1. For Val181, which of the numbered conditions (1) in a strand (DSSP E or B); (2) of a type outside the set (Lys, Arg); (3) within 16 Å of ligand 2 (Cβ to nearest atom) fails to hold?
2. For residues in the range 138-151 being under 11 Å from the mean Cα position of the chain (by Cα) and in a helix (DSSP H, G or I), which is nearest to Gly55 (Cα to Cα)?
3. Among the residues of the range 33-63 satisfying the criterion of being over 15 Å from the mean Cα position of the chain (by Cα) and in contact (Cβ under 8 Å) with a residue 60 or more places away in the chain, which is farthest from ligand 2 (Cβ to nearest atom)?
4. Could you list, ordered by first residue, the pairs with Cβ atoms under 6 Å in which the first is in the range 210-223 and at pLDDT 95 or above and the second is among the aromatic types (Phe, Trp, Tyr) and outside any loop (DSSP other than H, G, I, E, B), at least 6 apart or interchain?
5. Part of a helix (DSSP H, G or I), closer than 19 Å to Thr48 by Cβ and within 16 Å of ligand 2 (Cβ to nearest atom): is that true of Ala191 in this structure?
6. Taking strands (runs of 3 or more DSSP E) that fall entirely within the range 1-95, which contain at least 2 residues that are closer than 23 Å to Asp196 by Cα and basic (Lys, Arg)?
7. Quick check on my filter: what residues within the range 20-40 are near ligand 1 (Cβ under 10 Å from one of its atoms) and surrounded by fewer than 17 Cβ atoms within 10 Å (Cβ to Cβ)?
8. Considering only the range 224-239, I want to know if a residue exists there that is without any contact (Cβ under 8 Å) to a residue 60 or more places away in the chain, in contact with an Asp or Glu (Cβ under 8 Å, 6 or more places away or on another chain) and more than 16 Å from ligand 2 (Cβ to nearest atom).
Amino acid sequence: MRTFELQHIVKQYVEESSTELILQDVNISVTPGEFLCLMGPSGCGKSTLLRIMAGLMEPTSGHVVGRPDRLGFVFQNFGLMPWLTVSQNIAFGLKMAGAPAKQVTRTVNRQIEALGLKGLENNHPKELSGGQKQRVGIARALAVDPDVLMLDEAFSALDTATAEELRLDLLKVWQETGTTVVMVTHSPEEAAQMADRIVVFSARPGSVDQVITNKLPRPRHLRSAEFFKLVDRLEGYIRSQ
Ligand code: ADP
Ligand code: MG
């Protein structure tokens, strides 16, 4: 992957009688292989920015430079297709891209294995727990072998223990595949646990308030004094807005 950059991104939502400025001159550069977290208060435009990064939405002005071809996207509410089985959901993107059947089967099997979904291949989403659904969401995103994996508050709809399990699995996948990750979160703890770099947004209209390099050694100890110090610092940035 080349360097992937957002340059002077502005987004306004135009309603019938008013125009609302959501993002104000956002500049971010994503380094290949890094785990980048975009963190900020609710409503500051994180989801909007991630959609612009992914090309799912156009900015009002500004440019996205060097967007890779292959992107994986993981949604907060899973975004699975209820009429498809686990295997079919994971296969969906690859099939749409016209991959040969053999390759689809091989990739689906590998993702089923990697995300701990064995035995659930023929289940439908309604037969899965929240954690299992999001495992399918992640497997589907990874199936296209993405240059960048994007996650929008992917663990917020899960209970604490399940969310923690999935975070650790995601870190494992990131370390094994070397893919670049851009993860949106509102949680200082999650950013401190996961990220190499943390972009802190100001409240709406969102702009980059701070960019922090997270130097805590991996694997990270979530009860260490250094960890709490970083969480405090991140909370401080959000509180001061
Ligand atoms: P975040 O993900 O940081 O919580 P969002 O990007 O979802 O923020 O939303 C930022 C702001 O833009 C919110 O005030 C939201 O109500 C508004 N917004 C989001 N999507 C739309 C839309 N399609 N049309 C109009 N306003 C929107
Ligand atoms: Mg959001």
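1. Only one criterion in (1) in a strand (DSSP E or B); (2) of a type outside the set (Lys, Arg); (3) within 16 Å of ligand 2 (Cβ to nearest atom) is unmet by Val181, namely (3).
2. Only one residue fits best here, namely Ala141.
3. Only one residue fits best here, namely Pro41.
4. Gln210/Tyr237
5. Judged against the criteria, Ala191 is a match.
6. By residue number, no strands (runs of 3 or more DSSP E) qualify.
7. Listed by number, the residues that qualify are Glu20, Leu21.
8. For the range 224-239, residues without any contact (Cβ under 8 Å) to a residue 60 or more places away in the chain, in contact with an Asp or Glu (Cβ under 8 Å, 6 or more places away or on another chain) and more than 16 Å from ligand 2 (Cβ to nearest atom): present.
The values are calculated or read from the model by the stated rules, or taken from the named source; none is laboratory data. Not measured: the values here are computed from a predicted model. No Cβ is skipped: glycine too gets one built from the backbone with ideal geometry, and neighbour counts run over all protein chains shown.
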